[in-house]
């Protein structure tokens, strides 16, 4: 297999969007943005041995994950994704079958969310498998939800359950796009982020960007079954995993308590659990409050590269 | 150095554009496109050992090259670049100095061309150094020049001189942005591409996309001094290097002979040589014509990954 014939194989199988004027096969792709006010951009790089382990998962899993991570970032702004460009570094001696399986995983999820692959770069090197996904989104008449809008008095909500994603969810998660769009359309959102580094680490990103602090309710954190299972192996508590583990790709948000009550009571987010896990306060940092009323400061903990 | 403190260091030093509503530091960057009709997108991945060799060049060279390659792709559409997102995989044990030197190289060229770095991803892994640059461009009232517009009877022009870029130019080249914009604004361009794979390989991309063939004038190919120097080492002719070597990042274009005459006679492209190297003909493939009139078919030859 050569680079150009593989690109041609991709090009022929790619589903097209109407707003893409020029897709795969030129120096740049070209998108019609004449009906848009804003373009959103996000990029994520994943490398074998750090973000996944090809000895323990399939390359199709990896293709799926790479696209889902970027969708999750656009969903966390409460806006719809549109197109993507994908760069791939294949190790030397990669087979055609392997390369095509990767694209099956990519299409499994990009087709589902109507995202067109409009370009990319295929290279080879003496390197572990590495993939970079850059995704664009549009405002669609909505205001992108930033990290910096949290206010003292806000409730903190989170979708789904947390912790132990390493056991499987980091590969199989469904990006919360439907939920992100629904929340942005129907509620007055103050701040939102997707949980990729870990609950406390990502909450801390909101707190620092907004200049506020937070109290988390210890008994309200939605601990996942995977966190319980993992805790038996690691010796850490399930709560520790729910607070610290990365790659759950759930949405973490703040909004007024009145708006939060509406979110929690609406019947429209029924296929995903939403929990109120705390509140935004003046000051800085994160405090953990026990049901008995005890409060202690905790350090944000999560995955950080280059440490 | 941690990932987050390094990102903060980048964010503080980054020059801002007015049309960027939200730069580094959220799930997505947000750009105002309300005055644009089209958004252009290109992406390039470069890995140590394939696209450069950190034993023979500095990391600042690499930062410079990574951005310049993407500018070259937007320039080849005849449109201005705007913003970029950059993903980097640092090998384990990367020093802060190394990471900052990379960004100096990136800014050396992005600042010059008023391109804002609006986001990225910084990861680490057991991997050679790898960088991915995705760049956006805007139409600015211009029509993007595709590869597919070449017509029989067109002249084939190329900027600069070709071959032997491995000796230095692949790191130090100036992307032909000024020239690409000038050409698109002032002439009726039919097709354009930047020479990254090699003259014959990239010409062949134009030919295949346009459904035409080409005759190259053997004595008109602008052979570089580097091609002559390299030929003494390799045993290949200087012409071979000019026809086959990649990464010259010159602009290769086709337009009517009347328009080409205007390009060649204009005084406005004086700081870069422009040569007429052949013509587009009906049919397919590339023929090489000697001054004596002999014509022979040649195969497009250039760099292809995964071969």
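The values are calculated or read from the model by the stated rules, or taken from the named source; none is laboratory data. Treat the numbers as computed from the prediction; the structure is a model and nothing was measured. Virtual Cβ from ideal backbone geometry, glycine too; neighbours counted across all protein chains shown.
On the given criteria, is residue B:96 within 30 Å of residue A:301 (Cα to Cα), surrounded by fewer than 24 Cβ atoms within 10 Å (Cβ to Cβ), modelled with pLDDT of 95 or more and not assigned by TED's automatic domain parsing to the domain that holds residue B:202?
No: the conditions fail for residue B:96.
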Every pair of residues 6+ apart whose Cβ atoms lie under 6 Å, when the first sits in region B:72-96 and is in contact (Cβ under 8 Å) with a residue 60 or more places away in the chain and at positive phi while the second is outside any strand (DSSP E or B) and buried (at least 21 other Cβ atoms within 10 Å of the Cβ): B:78/B:145; B:78/B:180; B:78/B:184
Residue in region B:170-192 that is in the same structural domain as residue B:246 (by TED's automatic domain parsing) and assigned to a strand (DSSP E or B) present: yes
Residue count, region B:156-169 (criterion: assigned to a loop (DSSP other than H, G, I, E, B) and surrounded by 23 or more Cβ atoms within 10 Å (Cβ to Cβ)): 2
Number of the condition not met by residue B:103 [criteria: (1) within 13 Å of another protein chain (Cβ to nearest Cβ); (2) more than 19 Å from the chain's Cα centre (by Cα); (3) farther than 30 Å from residue B:241 by Cα]: (1)
In region A:41-62, the residues that are farther than 13 Å from residue A:131 by Cα, at the interface with chain B (Cβ under 7 Å from one of its Cβ atoms) and in contact with a helix residue (DSSP H, G or I) (Cβ under 6 Å, 6 or more places away or on another chain): A:42
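Go through the residues of region A:280-293 one by one and say whether even a single one is more than 19 Å from residue A:162 (Cβ to Cβ) and free of Cβ contacts under 8 Å to residues at least 40 places away in the same chain.
Restricting attention to region A:280-293, the residues satisfying the condition of being more than 19 Å from residue A:162 (Cβ to Cβ) are A:281-285, A:292-293.
Narrowing the set further to residues that are free of Cβ contacts under 8 Å to residues at least 40 places away in the same chain leaves A:292-293.
Checked region A:280-293: at least one residue is more than 19 Å from residue A:162 (Cβ to Cβ) and free of Cβ contacts under 8 Å to residues at least 40 places away in the same chain.
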Residue match in region B:133-155 (condition: surrounded by fewer than 24 Cβ atoms within 10 Å (Cβ to Cβ), part of a strand (DSSP E or B), touching a helix residue (DSSP H, G or I) at 6+ places or on another chain (Cβ under 9 Å) and more than 14 Å from chain A (Cβ to nearest Cβ)): yes
